[in-house]
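Asks: Mind looking over this structure? Questions follow.
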Amino acid sequence: MSDGILVFAEHRAGAFNKTTFEAIAAAQGLGAEIKKGVTAVVLGAGMSDLANEIAAYKVEKVIYADNEKLAEYTPDGYADAMERVVRAADPQLVVMPHTYLVRDFAPKLAARFKKDLISDCLRAQATNGQVVFSRRIFLGKMDADVVAGDDAPVFATFQSGAYRSEQAEKGSAAAEVETMAVEVGAVRMQPEPAFQEVKQAVDLTKADVIIAVGRGIKGQENLALVESLAQALGGEVAASRPICDAGWLPIDRQIGSSGQTVAPKLYIALGISGAIQHLVGMKNAGTIVAVNKDAEAPIFDIADYGIVGDLFEVIPVLTEEVKKLKG
Amino acid sequence: MKILVLMKQVANKDAILRINKDATWIEEGDLSHEVNESDGYALEEALRLKEKGGSGEVVVVSMGPQRVKAVIKDALARGADRAIHILRDNLSQLTPFVAASTIAEAVRAENADLILTGLQSDDHGFAQTGVILAELMNLPHATIVIEVDASGENLRVKRELESGWYQWYSMPKPALLTIQSGISQIRYATLKGIMAAKKKEIREVAAATDDAGQASQRITKIYFPQKSKQTQFLGDGDAKKGAAQLAEKLRTEARII
Ligand SMILES: Cc1cc2nc3c(=O)[nH]c(=O)nc-3n(C[C@H](O)[C@H](O)[C@H](O)COP(=O)(O)OP(=O)(O)OC[C@H]3O[C@@H](n4cnc5c(N)ncnc54)[C@H](O)[C@@H]3O)c2cc1C
Ligand SMILES: Nc1ncnc2c1ncn2[C@@H]1O[C@H](COP(=O)(O)O)[C@@H](O)[C@H]1O
């Protein structure tokens, strides 16, 4: 019978990423609630050291799946290997971090079980043995409680930051590491080495004040308004992804998971809804101001000061007032 | 090259969302809709690949009720050659595995060289339908793609990784790619395009109706997220007053001015 929780440990360039420990914390927490043991899975080629690192955590066992085709990540290789591990371990629940890598192969894995993922969860709570997963929908505007169908295994991924990596508990003794020689079929994708684009022209991480605009600004011609406010405050202009996608501002002014991560003293978000991919890039700012005409916009969740209203009314007045106060 | 593009219709980003009576989805009656953001970029990429290749066909595939015709017609006006509309009334409890299975059945006979989808839907945000479809159709895939080179024997695509990293992948065709927004600048429909679209084929396909038993997940409740921070709201609905108060707060409390 299906039993226990399997947690996928993701590594890149020889190290686990933080979200792996968040996933372990999530699995341990759920395991305690539904009284099930946690087994961690590491995939790789000659990487048993990494498996030993995970064995220090409070898990029943670590399965280290080894195959030379797993030296580098590919969706074909990882889906094949994980499928073998899941079939062998026969867990009730498979927990994974919602990273780009997991997004790339885990739906394929789940499909082999005629299933999908309960993806990008923020919380999971067990009541009477039934786990209720909560995930954000509508770009952060709403939450949905979701329950799984009856058949095991249930695949769930957790949003980065949903659990704290420090909460991943260490074990009193090292857990057993079981090495599994997994079969991997033909791998159709050929990866080239990962790289970073040439250095950004603007380094927003050094700015004390950032005035960021989102789709609420409506058109490129309105950016002048924002620039005059930035000038008055002595700050830099930044933007959400759609503004850079549209070419209204260069990509090096984009804040968020695929842009820059900043922590200025002051961050003013104008007409930005507050999708998680934006929030991860700025939530550590000292003072956060949000201006949005929608009172339910998720950006207000993390704002110190909020104005519910039209940014085209706010910006000119704010610019004038700042100028006056600065003398 | 024959390219299929999956395009989903979702609630308008600026729409005020209201929760329905049994709190399992939003009230859809008077809602305005638009095309899912990344799907618009997937279409643009398909049109560009066809233009670069000099020949081929771009086929739009959308699943949903009659209202999704708006998305289809707009895509045809921008230059897609024809469309497949998979009729399905309610998408609110549709899981990605069932969605991908239904789409796979409807498009398998097309034998496309390339299938493009958006990287995730703006309503459910599953980020799975494309990848599952690739598995069901036995195609190699790549996700979060921001550049495509289809000129050679193999496809070469650039994927976005986390925190500013990228990676190129090669794979044989046919393949499926999930497209990240911003891959290129989206064209507008021209008047000529809108006129031409009227003559283009939209083939309707009925979706299997009874697949509730297969669902591996179900929404039991939706609600507005709990606020985690105490926000000081300024201006009391008067934006200008709020702006003046904010300037004062930035000086006295936040001490930034
Ligand atoms: C893998 C992935 C990576 C991503 N990376 C990033 C990233 O790095 N950075 C990023 O920002 N996004 C990123 N995104 C996109 C993200 O999910 C959101 O789509 C995006 O942040 C939304 O931008 P926005 O808030 O400007 O637009 P919208 O969500 O459309 O919000 C516009 C807001 O403006 C308000 N508004 C409209 N008119 C006015 C007005 N006159 N006055 C006041 N308010 C007004 C509206 O109420 C709304 O809240 C990523 C997405 C994915 C899937
Ligand atoms: N009903 C649908 N009709 C057409 N395409 C869809 C539909 N649902 C999902 N897709 C495609 O699959 C992508 C990912 O959706 P999702 O898995 O819901 O995040 C979307 O960007 C679309 O390209």
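The values are calculated or read from the model by the stated rules, or taken from the named source; none is laboratory data. This is a predicted model, so every value here is computed, not measured. Every residue, glycine among them, receives a Cβ derived from its backbone with ideal geometry; neighbour counts consider all protein chains shown. Side chains included, ligands, DNA and RNA excluded: accessible areas come from the protein's heavy atoms. Shrake-Rupley method; radii C 1.70, N 1.55, O 1.52, S 1.80 Å.
Asks: Once every Cα of the protein assembly as shown carries one equal point scatterer and solvent is ignored, give the base-10 log of I(q)/I(0) from the Debye formula at q = 0.10, 0.11, 0.12, 0.13 Å⁻¹, two decimals.
Replies: -0.90, -1.08, -1.27, -1.44
Asks: Can I ask one more? Assuming 0.36 nm per residue, please report the length gained on full extension of the stretch B:Asn154 to B:Glu51 beyond their Cα-Cα distance.
Replies: In short, 35.3 nm is gained.
Asks: Moving on to the next point. Please check which bits of the stretch B:1-35 a label hung off B:Asn111 would reach, taking the label as a point 7 Å along Cα-to-C-beta and the cut-off as backbone N under 17 Å.
Replies: Under cut-off, by backbone N: B:1-4.
Asks: Would you mind telling me the antiparallel percentage of the DSSP bridges in the stretch A:5-181, rounded to 5?
Replies: Here the share of antiparallel DSSP bridges comes out near 35 percent.
Asks: Ok, one more. Ordered by residue, what ³J(HN,Hα) values in Hz, to whole numbers, does the stretch A:111-118 give under the Karplus form 6.51 cos²θ - 1.76 cosθ + 1.60, where θ = phi - 60° and Gly and Pro are x?
Replies: Those phi angles translate into 4, 5, 9, 6, 9, 10, 9, 7 Hz.
Asks: Using θ = phi - 60° and the Karplus relation 6.51 cos²θ - 1.76 cosθ + 1.60, list the HN-Hα couplings for the stretch A:45-58 in order, rounded to whole Hz, with x at every Gly or Pro.
Replies: Once θ is set to phi - 60°, the couplings for the stretch A:45-58 become 10, x, 10, 5, 4, 5, 5, 5, 4, 5, 5, 6, 7, 6 Hz.
Asks: A further question follows. Convert each backbone phi in the stretch A:261-272 into a coupling constant with the Karplus relation 6.51 cos²θ - 1.76 cosθ + 1.60 (shift: θ = phi - 60°), then list the ³J(HN,Hα) values in order as whole Hz, x for Gly and Pro.
Replies: Result, ordered by residue: 10, 10, 9, x, 5, 10, 10, 9, 9, 10, x, 10 Hz.
Asks: Something else about it: Please work out how many pairs of lysine residues in the stretch A:204-326 are eight or more positions apart (or on different chains) and have Cα atoms closer than 18 angstrom.
Replies: 5
Asks: Between exposed GluC sites (Glu not before Pro) in chain A, where DSSP calls loop and at most 13 other Cβ atoms lie within 10 Å, what's the longest gap?
Replies: In chain A, the maximal stretch lacking such sites is A:1-182.
Asks: Something else about it: Amide H of A:Ala56 versus every other amide H placed in the peptide plane: which residues, excluding those fewer than 5 positions away on the same chain, fall under 5 Å?
Replies: For A:Ala56, whose amide H was placed from the backbone, the distant partners under 5 Å are A:Ala175.
Asks: Taking amide H atoms as placed 1.01 Å from N in the peptide plane, list the residues 5 or more away in sequence, or in a different chain, whose amide H sits under 5 Å from that of B:Thr143.
Replies: Amide H to amide H, under 5 Å and 5 or more residues apart or across chains, B:Thr143 pairs with B:Thr178.
Asks: Where nothing but the Cβ of Lys and Arg (+1) and of Asp and Glu (-1) is charged, how large is the charge dipole of the protein assembly as shown around its Cα centre, in debye to the nearest 20?
Replies: 1060 debye
Asks: Zone of A:Asn128 (label point 7 Å along Cα→Cβ, backbone N under 20 Å): which residues in the stretch A:34-76?
Replies: A:34-36
Asks: Starting from one equal scatterer on each C-alpha and no solvent at all, send me the Debye-based log10 I(q)/I(0) for the stretch A:204-326 at q = 0.16 Å⁻¹, two decimals.
Replies: -0.66
Asks: If you average 1/r over every pair of different alpha-carbon atoms in the stretch B:16-118 and take one over that average, what Kirkwood value in Å do you get?
Replies: When all Cα pairs of the stretch B:16-118 are included, the Kirkwood radius is 15.2 Å.
Asks: I'd like the carbon and sulfur percentage of the solvent accessible area for chain A, probe radius 1.4 Å, heavy atoms only, ligands and nucleic acids excluded.
Replies: 49 percent
Asks: A further question follows. Check B:Ile86: other-chain or 5+ apart residues with amide H under 5 Å from its amide H, H built from backbone geometry?
Replies: B:Ser62, B:Met63, B:Gly64, B:Val205
Asks: For B:Ser92 and B:Lys229, what is the calculated FRET efficiency with R₀ set at 41 Å and r taken between the beta-carbons, to the nearest 0.05?
Replies: Plugging the Cβ-Cβ distance into 1/(1 + (r/R0)^6) gives 0.85.
Asks: Here's another thing I want to ask about it. Extending each Cα 7 Å along its Cβ direction at B:Asn138 and A:Leu325, get the distance between those two points in nm, one decimal.
Replies: In this crude label model, B:Asn138 to A:Leu325 measures out at 6.7 nm.
Asks: Measuring with a 1.4 Å probe in the full set of protein chains, what accessible area per residue, in whole Å², belongs to the stretch A:204-326?
Replies: 36 Å²
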